[in-house]
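Following: one structure in structure tokens, then a few remarks.
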Amino acid sequence: MKRRVAILIRVYDRIEDLKYNLQIIRRTWTEFDYHIIVISNGYPDGYRINAESVSLIDNLIVLEHNAGHKKGNSQLLIEGQKYIPVDCDYTVILEADTWMYTDRTVKEYVEFMEEASSVVWSSADWYDKDYALAVDFAVIKSDFIRQNPKLFDFEIYPECYIANYLRDANVRFKWITENMPVHVPSYVSRYPYVDDSTQRRFYVFPKSKMVTHHIEFLKGGMPQKKRYFNTVANYDFFEEEPVSNKGWERFKMYFWTRLSYLFIKKSWFQKKYYRDITQ
């Protein structure tokens, strides 16, 4: 019998992203017996999940109140954690627009955390100068979530809040290096596979076979995101957007992400620190 693992997906308005994410999970995540929880705070604003997507969800939670931009992400996680089944020892938290082909990365970090009893959280290193842990994709021990109801009670700098919380709880984390680097330095105005917002964030991670972020930052919109996903997957999952030269396209992704390690960063000259967050 396969081990049970919970997936907690949060969504506001990324309904189309969610639809494809659910299809990817149901078709390619096969290492565990997954219980998919989707929690939405977008219904009051008209962002309703269609019947096709609902059929792929084990537990759909609809919130009638949206706590707003700053607190909405926290609201979804705090409410969603209440529905993690007791027989799921691990929980994957996931943004609706974060797609990953196969659950190889999930399996790798679950196995690591099984052996490392003090490690309760695995995700990417989010900032260069601060200790900060990604919350778009993370693998977490469910018992730690259950025993720490304030774990997701953040408003600003959620990634820093999580790192600070784990420090204060005297537990350890593991970086998911396959999802790194996350950003290029702020002085880099334009860079391949990085969005043009102030975040300077990569939206492809070929090593973990992950594609993420908002389609409005992609010139080709959703079709382009599907092509990127087919490229990292090395398979035309989205048959309507075939990619003929996947090997070359993946090489470019690897090249540009690895080259970004050569940019001068503050961490070269000073140690990481825990950001003082006043909420």
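The values are calculated or read from the model by the stated rules, or taken from the named source; none is laboratory data. Everything quoted here is computed from the prediction, not taken from an experiment. Heads up, the Cβs are rebuilt from the backbone with ideal geometry, glycines too, and the neighbour counts pull from every protein chain shown. All accessible areas refer to the heavy atoms of the entire protein, side chains included, with ligands and DNA or RNA removed. Shrake-Rupley method; radii C 1.70, N 1.55, O 1.52, S 1.80 Å.
A DSSP coil position with no more than 14 other Cβ atoms inside 10 Å describes the following chymotrypsin sites (Phe, Trp or Tyr not before Pro) in segment 114-215: Tyr187. When restricted to Cα atoms, segment 106-241 yields an Rg and a Dmax of 16.5, 49 Å, respectively.
Here the chain was treated as a single set of alpha-carbon atoms; its pair distances binned every 10 Å from 0 give 6, 29, 38, 23, 4, 0 percent.
Each distinct pair of alpha carbons in segment 63-164 adds a 1/r term; the inverse of their mean, the Kirkwood radius, is 14.5 Å. Here the gap between Asn50 and Lys219, fully extended at 0.36 nm per residue and compared with their Cα-Cα distance, gives a gain of 58.2 nm.
Converting the Cα gyration tensor eigenvalues of segment 1-144 into ellipsoid dimensions via √(5λ) gives semi-axes, longest first, of 24, 19, 14 Å. Using the Cβ of Ile15 as centre and a radius below 15 Å, the other residues enclosed give a net charge of -3, where K and R count +1 and D and E count -1.
For segment 133-205, the list of trypsin sites (Lys or Arg not before Pro) that fall in a loop by DSSP and count at most 10 other C-beta atoms within 10 angstrom reads Lys150, Arg190. Computed over segment 199-246, the P(r) curve from all C-alpha pair distances, binned at 10 Å from the origin, holds 30, 56, 14, 0 percent per bin. About the centre of its Cα atoms, the chain shows a dipole size close to 860 debye [charges on the beta carbon of Lys, Arg (+1) and Asp, Glu (-1) only; nearest 20 debye].
Roll a 1.4 Å probe over the protein chains and send me the accessible area per residue for the chain in Å². Each step should come with its number before you reach the end.
Numbers: 13160 Å² over 279 residues.
Accessible area per residue: 47 Å².
Of the GluC sites (Glu not before Pro) in segment 30-73, the ones in a loop by DSSP (not H, G, I, E or B) with at most 10 other beta carbons within 10 Å are Glu64. Per atom type, segment 1-96 shows carbon and sulfur on 48% of its accessible surface, probed at 1.4 Å. Per residue, the convex hull spanned by the Cα atoms of segment 168-279 amounts to 151 cubic angstrom.
Would you compute the Debye intensity of segment 1-85 from its alpha-carbon atoms alone, equal scatterers and no solvent, and pass along log10 I(q)/I(0) at q = 0.11, 0.12, 0.24 Å⁻¹ to two decimals? For segment 1-85 at q = 0.11, 0.12, 0.24 Å⁻¹, log10 I(q)/I(0) is -0.29, -0.34, -1.22. Debye-formula intensities of segment 162-229, expressed as log10 I(q)/I(0) at q = 0.23 Å⁻¹, are -0.99 (one equal scatterer per alpha-carbon, no solvent).
Defining a contact as two alpha carbons under 8 Å apart and six or more residues distant in sequence, what relative contact order in percent does the chain show?
Working: 491 pairs, mean separation 48.5, N = 279.
Normalised by residue count, the contact order of the chain is 17 percent.
Given contacts defined as C-alpha pairs under 8 Å and at least six residues apart, what's the relative contact order of segment 214-279, whole-number percent? Don't jump to the answer; show the numbers that get you there.
On the way: 31 pairs, mean separation 11.9, N = 66.
Computed over segment 214-279, the figure is 18 percent.
Ranked by the mean number of other Cβ atoms within 10 Å of their residues, highest first, the peptides 238-245, 73-80 fall in the order 73-80, 238-245.
Tell me the relative contact order for segment 107-164 as a rounded percent, counting alpha carbon contacts under 8 Å between residues six or more apart. Computed value for segment 107-164: 32 percent relative contact order.
If you look for lysine pairs in segment 52-173 that are eight or more places apart or on different chains, how many of them have Cα atoms under 18 Å apart? Spell out each step's value before the answer.
On the way: Lys70/Lys150; Lys71/Lys82; Lys71/Lys150; Lys82/Lys141; Lys82/Lys150; Lys107/Lys141; Lys141/Lys150.
Taking the Cα cut-off of 18 Å, the pair count is 7.
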